Amino acid sequence: MRYARDVGALARKDLLLELRAKETLPSMILFVLAALTIFHFALPHGASDKASLGLLWAALVFTALLGLTRAFVAEREQGLFDALILAPCDRSAIWLGKALAVLAFLVAAEVVALPAFGAFFSGLDGRTVAAVALADVGIATVGTLFGAMAVAGRARELLLPLLFLPAAIPIVVGGVGGYLWFLVLYDAIFALLAWATFEYVVAEQ
């Protein structure tokens, strides 16, 4: 119960900060809509559904990267990351709370992005929506771990994409192909690895 309270408090803190500042979510929504608009006019008429799905996943991955870049901004700017690590709670609760907040931002951005994709391209089916939902879990869990690794570095804006984008390739492959079981397996494996290694990652910083 205490673990759940710690996770809830950390996630709620990030969500409240976003509601007050209104920085991360509007940026994500603006970016993904701009990307989909550009892709709509750049994609040749009569292009296959696979091509349009590939562009959707490219837009979603880079939108997620924008949100992950700001996941630890509050702690970094105020010098509170070390204090957060030293707080009397399980360190994995920090990872899970952050991942839940990132997941909420992703879902909120996609509530706008997916209908826009359906309007711009050839519609949207339930399998694609399910794949996006599963991918969000993997993006939030893996991306939060890499965000914590990058936050202490000097070139954090460069380090996070270098870590995250290779790990996102299986998500794009599974999403474009509609391989839902593959995405479930990815989520399960990498969520477990991120949960188990987060304490050691932040202890080395």
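If DNA, RNA and ligands are ignored and the probe is 1.4 Å, what is the ranking of Leu185, Leu96 by accessible area, most exposed first? Walk me through the intermediate numbers first.
Values: Leu185 100, Leu96 50 Å².
Largest accessible area first, the list is Leu185, Leu96.
Among the GluC sites (Glu not before Pro) within the range 113-205, which fall in a DSSP loop and have no more than 12 other Cβ atoms within 10 Å of their own Cβ?
Working: sites: Glu157, Glu199, Glu204; in loops: Glu204.
Answer by residue number: Glu204.
GNM, the chain, Cα, under 10 Å: largest mean-square fluctuation among Gly123, Gly143, Gly174?
Gly123
Pull out a ≥ b ≥ c, the square roots of the eigenvalues of the alpha-carbon gyration tensor of the chain, then state rounded if a/c is under 1.5, prolate if not and a/b is larger than b/c, and oblate in the remaining case.
Note, shape of the chain comes out prolate.
Among Ile94, Ile38, Ile171, whose mean-square fluctuation peaks in a Gaussian network model of the chain (Cα, cutoff 10 Å)?
Ile38
Note down the relative contact order for the chain as a percent, whole number, built from C-alpha pairs under 8 angstrom at least six residues apart. Mind dumping the intermediate values first?
Details: 201 pairs, mean separation 56.3, N = 205.
Averaging sequence separation for qualifying contacts and normalising by length gives 27 percent for the chain.
Quick check: net charge around Gly178, other residues with Cβ under 12 Å of its Cβ, Lys/Arg +1 and Asp/Glu -1? Working shown, then result.
On the way: positive: Lys50, Arg127; negative: Asp49, Asp125.
Net charge around Gly178: 0.
Find which of Leu19, Phe31, Thr141 sits farthest along the positive direction of the dipole of the chain, computed with +1 on the beta-carbon of Lys and Arg, -1 on that of Asp and Glu, about the Cα centre.
In the chain, that residue is Leu19.
I want to verify a result. In a Gaussian network model of the chain, Cα cutoff 10 Å, which of these has the top mean-square fluctuation: Leu65, Leu163, Leu106?
Maximum fluctuation in the GNM of the chain, among the listed residues, is at Leu163.
The values are calculated or read from the model by the stated rules, or taken from the named source; none is laboratory data. All of these numbers come straight from a predicted model, not from anything done at the bench. Reconstructed Cβ throughout: ideal geometry from the backbone, glycine too, with neighbour counts over all protein chains shown. Note: accessible area is taken over every heavy atom of the protein model, side chains too, but ligands, DNA and RNA are not part of it. Shrake-Rupley method; radii C 1.70, N 1.55, O 1.52, S 1.80 Å.
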